[in-house]
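The values are calculated or read from the model by the stated rules, or taken from the named source; none is laboratory data. Here the structure is a predicted model, which means the values were calculated and not measured. Positions of Cβ are backbone-derived with ideal geometry, glycine not excepted, and every protein chain shown enters the neighbour counts.
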């Protein structure tokens, strides 16, 4: 039996997951329009390569990758391009970004596409297919998977497949593992091949017994000799990559160190499933599973075309009249959406309809009493109270000295704060200010 390890801190918020796991994944009907952002990934925005008025087919590339760190964007169904312009997108900033508006024609007509047998394809070809298929991390990071699946500089011993899904309310990965376990593991085999990994460890929190059973059955059915499905303790934020790696392997990925330098790489279960579809079936990433929960009549998981307006999605779940806002993600790390008309993106794992009854306004923040509860629960072993003081006083240099950018913004510190200080807001503010100042300095140096 594998020995499990522990990471520092962590909390046990109410999981609120059972509401959305009672029914299978449903397919959402075609919406009247799709608003597809061209920047749904870490790196450079995709460059539009269609024109207004053009008819496009399902799976047709409408945005080409720009530069090394970028990813393709595709039409999620067949139809006509109605606009290519700046629109509000699903981002906390509320800033507009370049989008393609597509009016579906109802035919759902595919572009010609075909997959390959990954055993007979070169690694370079496989990574190019992932880039062209727009496959990115679906656990939230949306980092291009073709780049993560490259291991030239370090020997990868262990590939971790992340099925922990620790954040409250979110169940899209749980349901995906229950219903599509075999294809997830087949995608994991492709990634293992690309990374030359010796073993694959699939970590799933122990509050998902159905998913654990389905994944273990799939390992046995298909004879995956290098894979092990491991139930890990339910502890937030145990789904963070560094935290899960620590629990499964005992390896501590220190500040400023990449996990690959320690011989470990980590992919989300939904990413592994998308890898299989892209390589074996030639299907680009056109949809994803989204949990719709909170203040709705029928909390459920849906397979949703990218670009589907959020308001259409929640309406299908029976949105209630007293919903006042929408959270993309979970209550701990999610962000309030600026508008219900924004399109679902590759980063949209969950939409929570929030009402005053479910999420009452927080009480007024009081002065920090230096109780150090935030320090006790911080999974990154930081000093949250000091980072708060530095951010509040705009002492960004000291904040960086105290490893501000190692903060994963999990919200555990704010959850236990007896003074109700919105600590993560201060950390995000400080990070954004530092990044803007660094950009300004680089621009001035080049001037």
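Could you list, in sequence order, all residues of the stretch 242-258 that are more than 15 Å from residue 8 (Cβ to Cβ) and either touching a strand residue (DSSP E or B) at 6+ places or on another chain (Cβ under 7 Å) or buried (at least 23 other Cβ atoms within 10 Å of the Cβ) (or both)?
Result: 248, 249.
For the condition outside the structural domain of residue 241 (by TED's automatic domain parsing), surrounded by 15 or more Cβ atoms within 10 Å (Cβ to Cβ) and under 25 Å from residue 235 (Cα atoms), what is the one hit in 399, 414, 430?
Numbers: 399 fails: under 25 Å from residue 235 (Cα atoms); 430 fails: under 25 Å from residue 235 (Cα atoms).
Step by step, each of 399, 414, 430 is checked, and only 414 is outside the structural domain of residue 241 (by TED's automatic domain parsing), surrounded by 15 or more Cβ atoms within 10 Å (Cβ to Cβ) and under 25 Å from residue 235 (Cα atoms).
Mind counting the residues in the stretch 132-172 that are in contact with a helix residue (DSSP H, G or I) (Cβ under 8 Å, 6 or more places away or on another chain) and more than 22 Å from residue 241 (Cα to Cα)?
Within the stretch 132-172, residues that are in contact with a helix residue (DSSP H, G or I) (Cβ under 8 Å, 6 or more places away or on another chain) and more than 22 Å from residue 241 (Cα to Cα) number 1.
Would you check if residue 83 is in contact with a strand residue (DSSP E or B) (Cβ under 6 Å, 6 or more places away or on another chain) and under 23 Å from residue 271 (Cβ atoms)?
It is false that residue 83 is in contact with a strand residue (DSSP E or B) (Cβ under 6 Å, 6 or more places away or on another chain) and under 23 Å from residue 271 (Cβ atoms).
Out of everything in the stretch 83-97 that is assigned to a loop (DSSP other than H, G, I, E, B) and surrounded by fewer than 19 Cβ atoms within 10 Å (Cβ to Cβ), what residue ends up being nearest to the chain's Cα centre (by Cα)?
Checking each candidate, the answer is 91.
If the requirement is being farther than 20 Å from residue 237 by Cα, within 21 Å of the chain's Cα centre (by Cα) and buried (at least 23 other Cβ atoms within 10 Å of the Cβ), which of these qualifies: 159, 191?
On inspection, the qualifying residue turns out to be 191.
So which residues in the stretch 98-137 are closer than 15 Å to residue 74 by Cβ and assigned to a loop (DSSP other than H, G, I, E, B), if there are any at all?
108, 109, 111, 112, 113, 133, 134, 135
Surrounded by 17 or more Cβ atoms within 10 Å (Cβ to Cβ), outside the structural domain of residue 256 (by TED's automatic domain parsing) and not in a helix (DSSP H, G or I): is that true of residue 380 in this structure?
yes
Out of all the residues in the stretch 31-40, which are buried (at least 18 other Cβ atoms within 10 Å of the Cβ) and in a loop (DSSP other than H, G, I, E, B)?
Once the filter is applied, which keeps residues that are buried (at least 18 other Cβ atoms within 10 Å of the Cβ) and in a loop (DSSP other than H, G, I, E, B), the stretch 31-40 yields 31, 33, 38, 39, 40.
Of 43, 67, 10, which residue is under 30 Å from residue 148 (Cβ atoms) and crowded, with 19+ Cβ neighbours inside 10 Å?
Testing whether each residue is under 30 Å from residue 148 (Cβ atoms) and crowded, with 19+ Cβ neighbours inside 10 Å leaves just 10.
If I ask for residues that are part of a loop (DSSP other than H, G, I, E, B) and either within 20 Å of residue 269 (Cβ to Cβ) or modelled with pLDDT under 95 (or both), which ones from the stretch 286-316 would you list?
286, 306
Among what's in the stretch 277-302 and is out of contact with any strand residue (DSSP E or B) (no Cβ under 8 Å at 6 or more places or on another chain) and buried (at least 24 other Cβ atoms within 10 Å of the Cβ), pick the residue that is nearest to residue 111 (Cα to Cα).
The qualifying residue nearest to residue 111 (Cα to Cα) is 278.
Here are 15, 3, 23, 80: which of them is in contact (Cβ under 8 Å) with a residue 12 or more places away in the chain, in a strand (DSSP E or B) and outside the structural domain of residue 139 (by TED's automatic domain parsing)? Step through it out loud before you land on a result.
Values: 15 fails: in a strand (DSSP E or B); 3 fails: in a strand (DSSP E or B); 23 fails: in a strand (DSSP E or B).
Result of the check over 15, 3, 23, 80: 80.
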